[in-house]
1. Of all residues in region 57-109, how many are of a type in the set (D, E, K, R), over 13 Å from Phe24 (Cβ atoms) and not in a helix (DSSP H, G or I)?
2. Has region 39-52 got any residue that is within 13 Å of Leu78 (Cβ to Cβ) and of a type outside the set (Ser, Thr, Tyr)?
3. Confirm whether Leu57 is within 23 Å of Lys95 (Cα to Cα) and in contact with a strand residue (DSSP E or B) (Cβ under 6 Å, 6 or more places away or on another chain).
4. Filter region 1-24 down to the residues that are part of a loop (DSSP other than H, G, I, E, B) and of a type in the set (Asp, Glu), then identify the one that is most open to solvent (accessible area, probe 1.4 Å).
5. Does Tyr27 qualify as being open to solvent by less than 80 Å² (accessible area, probe 1.4 Å), under 14 Å from Met80 (Cβ atoms) and of a type in the set (Phe, Trp, Tyr)?
6. Would region 30-41 turn up any residue that is closer than 19 Å to Ala86 by Cβ, of a type in the set (Val, Ile, Thr), exposed (fewer than 15 other Cβ atoms within 10 Å of the Cβ) and at pLDDT 95 or above?
7. Taking the criterion of being touching a residue at least 40 places away in the same chain (Cβ under 8 Å) and small (Gly, Ala, Ser), would at least one residue in region 73-94 satisfy it?
8. Any chance region 34-42 includes a residue that's touching a residue at least 24 places away in the same chain (Cβ under 8 Å) and part of a loop (DSSP other than H, G, I, E, B)?
Amino acid sequence: MPVELLTEDLDFTPECERALLEIFTRYDKDKDGALNDTELQAFATFTNGHNFSSTELEDIRTYLKCTSEGWLLKEGFLQMYSLQTASGDLDETWKDLEKHGYTKELVLE
């Protein structure tokens, strides 16, 4: 049986947050705590099969927690998934987690 991604308060469960942060860390190649454009596009391409569009990048920079340079912070990465998951798109979040090697028990294979 799959583990829950969200608590009743629509916060991430500790297991889900741990998995998402591990994925973030994979793409933060320079280990500065933020995904620059190259790192973010590498995430998008692996996860979705294509880069984020210029409109999607602008939305990320406008609505999610980023550095002054527009690089996505860990908090912004979690925000992105929180918006997707809490809006009811659990299947898409599970697809992303599985694409990155996680089982329905949120164990990395």
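1. Pass one, region 57-109, residues of a type in the set (D, E, K, R): 58-59, 61, 65, 69, 74-75, 89, 91-92, 95-96, 98-99, 104-105, 109.
From the residues that got through so far, the ones that are over 13 Å from Phe24 (Cβ atoms) too are 58-59, 61, 69, 89, 91-92, 95, 98-99, 104-105, 109.
The next check asks that each one be not in a helix (DSSP H, G or I); those that pass are 69, 89, 104-105, 109.
Residues in region 57-109 being of a type in the set (D, E, K, R), over 13 Å from Phe24 (Cβ atoms) and not in a helix (DSSP H, G or I): 5 in total.
2. No, the conditions are met nowhere in region 39-52.
3. no
4. Applying the filter and picking the extreme gives Glu8.
5. In short, yes.
6. no
7. Checked against the condition, which is being touching a residue at least 40 places away in the same chain (Cβ under 8 Å) and small (Gly, Ala, Ser), region 73-94 yields at least one hit.
8. Yes, there is a match, as at least one residue in region 34-42 is touching a residue at least 24 places away in the same chain (Cβ under 8 Å) and part of a loop (DSSP other than H, G, I, E, B).
The values are calculated or read from the model by the stated rules, or taken from the named source; none is laboratory data. Keep in mind that this is a model prediction, so the values were computed, not measured. Neighbour counts run over all protein chains shown; Cβ positions are idealised from the backbone, glycine included. Heads up: the accessible areas ignore ligands, DNA and RNA and are worked out on the full protein's heavy atoms, side chains in. Shrake-Rupley method; radii C 1.70, N 1.55, O 1.52, S 1.80 Å.
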